[in-house]
1. All but one of (1) more than 22 Å from Ser103 (Cβ to Cβ); (2) open to solvent by less than 20 Å² (accessible area, probe 1.4 Å); (3) within 30 Å of the chain's Cα centre (by Cα) hold for Leu218; state the number of the condition that does not hold.
2. Can you find, within region 32-72, the residue that is farthest from Ala94 (Cα to Cα) among those that are open to solvent by less than 90 Å² (accessible area, probe 1.4 Å) and among the polar types (S, T, N, Q)?
3. Exactly one of these conditions fails for Ser56: (1) assigned to a loop (DSSP other than H, G, I, E, B); (2) closer than 25 Å to Ser149 by Cβ; (3) at pLDDT below 95. Give me its number.
4. In this structure, does Arg208 turn out to be under 19 Å from Gly139 (Cβ atoms), basic (Lys, Arg) and over 23 Å from the mean Cα position of the chain (by Cα)?
5. Name the one entry in Val174, Val219, Val243 that is among the hydrophobic types (A, V, I, L, M, F, W, C) and in contact with a Phe, Trp or Tyr (Cβ under 6 Å, 6 or more places away or on another chain).
6. Within region 182-202, how many residues are farther than 19 Å from Arg108 by Cα, in a strand (DSSP E or B) and open to solvent by less than 70 Å² (accessible area, probe 1.4 Å)?
7. If I ask for residues that are open to solvent by less than 40 Å² (accessible area, probe 1.4 Å) and over 17 Å from Gln191 (Cβ atoms), which ones from region 138-160 would you list?
8. Of the conditions (1) open to solvent by 30 Å² or more (accessible area, probe 1.4 Å); (2) under 24 Å from Arg144 (Cβ atoms); (3) at pLDDT below 95, Val75 fails just one. Which one is it?
Amino acid sequence: MMETTTDAPSFARSRRQPRPEDPARIWAPLADLTEAAVAAAGSGTVAITRGFDRNSRQRAKALRELLNRRDVAAVEVTPAPGSDRLLADVEITAVVNLIGAGSWQPYRVAAELRAPVLAPKPGDGPAEEVKRDVIALAGDSGQRDVAISHVAVRAENPGASRLVLTSDGEQLTVPGGWLTMTVQGGELQVQVGGADFPERTLTTREIRVEAFDAPHRLVRDELPIADFEEAAVTFTAEPNGLVVRPV
């Protein structure tokens, strides 16, 4: 009699499915960044700022998966113009910096949204939370922006332009005017000069700058962001407006 066998072909045999790889294994800081983001998120959303290189994309994807497993929503943004629009109408409660210290974008986004920046520690030792003053910018429409380092206003045609500065109830008209602005000790340090106008420094918490007669360029942290004429921008010092938490 012919013997039969009940063995299934090898391709049909059930095999134990491999365990899914832990996304945190692709980069050591991801585990701590995940825990910090979960703790900071609350009921809000985490913004993940990343670059365009392969490593940054992989790390952002892994972090988003780790947060999703913890029921925390996340949105990825990049330094590309317009990427910040993904954060409109979203309650952002933390910003994770996967770009590194070479870009202003994670810090500006966090300060604008009044959320802390979570960043990998630079070394193995303990690192303290850092708070830093920033400069808030607002046009007459009320739309808010933030500068981390400095602001400049420059006339395209100084011979045909003027700036009008208003601060602490006093008004100053500067023909052919230009200005640069930093923030220190919770106050704005404004250097202003112009055609036949001696350079001087103003110290104030808030200043309104109106441009007349010719286009002016508004530069924030070395990046030109707007040209304005017959318009005004109000600059305000925001003490401790940026919070960076190394994790």
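1. So the condition that Leu218 fails would be (1).
2. Within region 32-72, the match that is farthest from Ala94 (Cα to Cα) is Asn55.
3. Among (1) assigned to a loop (DSSP other than H, G, I, E, B); (2) closer than 25 Å to Ser149 by Cβ; (3) at pLDDT below 95, Ser56 violates only (1).
4. When the stated conditions are applied, Arg208 passes them.
5. Going through Val174, Val219, Val243 in turn, just one is among the hydrophobic types (A, V, I, L, M, F, W, C) and in contact with a Phe, Trp or Tyr (Cβ under 6 Å, 6 or more places away or on another chain): Val174.
6. Adding up the residues that qualify gives 7.
7. Selection gives Ala138, Gly139, Asp145, Val146, Ile148.
8. Against the list (1) open to solvent by 30 Å² or more (accessible area, probe 1.4 Å); (2) under 24 Å from Arg144 (Cβ atoms); (3) at pLDDT below 95, Val75 comes up short only on (3).
The values are calculated or read from the model by the stated rules, or taken from the named source; none is laboratory data. Note that the structure is a prediction, hence the values are computed from the model and not measured. Heads up, the Cβs are rebuilt from the backbone with ideal geometry, glycines too, and the neighbour counts pull from every protein chain shown. Heavy atoms of the whole protein, side chains included, go into the accessibility calculation; ligands, DNA and RNA do not. Shrake-Rupley method; radii C 1.70, N 1.55, O 1.52, S 1.80 Å.
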